[in-house]
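Throughout, read-outs are computed from the coordinates displayed, never taken from laboratory work. Predicted model, so just to flag it, every value in this text is computed and none were measured. Positions of Cβ are backbone-derived with ideal geometry, glycine not excepted, and every protein chain shown enters the neighbour counts.
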Amino acid sequence: MKKESMIKKNMMSTDAFVRTLYTDLHDRIQHYEKEESNTEKMGIVHAVPELMVIGAISVFLLFVIF
């Protein structure tokens, strides 16, 4: 991957700030990838109540306007 080579290249930088920044970024990416995430993607079923409210407001506004 091109991004990994950029991160690794900047981890070897002579500038201490850049080296620290990219080393920290690399550590955070590695920690995130190793972490078991229990998040679920939001589906249509989860959005039904909000869609119903939006629909009700839209119908009400159309009824009032026309």
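With the convex hull drawn over the C-alpha atoms of the chain, the volume per residue is 186 Å³. For a straight C-alpha distance cut-off of 17 angstrom, the aspartates and glutamates reachable from K9 (same-chain residues fewer than eight places away being disregarded) are D24, D27. Shown for the chain are the DSSP H helices of 18 Å or more along their axis, judged by Cα atoms, with a mean Kyte-Doolittle hydropathy of at least -0.5: 44-65. Think of the chain as a dipole: +1 on every Lys or Arg Cβ, -1 on every Asp or Glu Cβ, centred on the Cα centre; then among A47, I65, T14, T14 lies furthest on the positive end.
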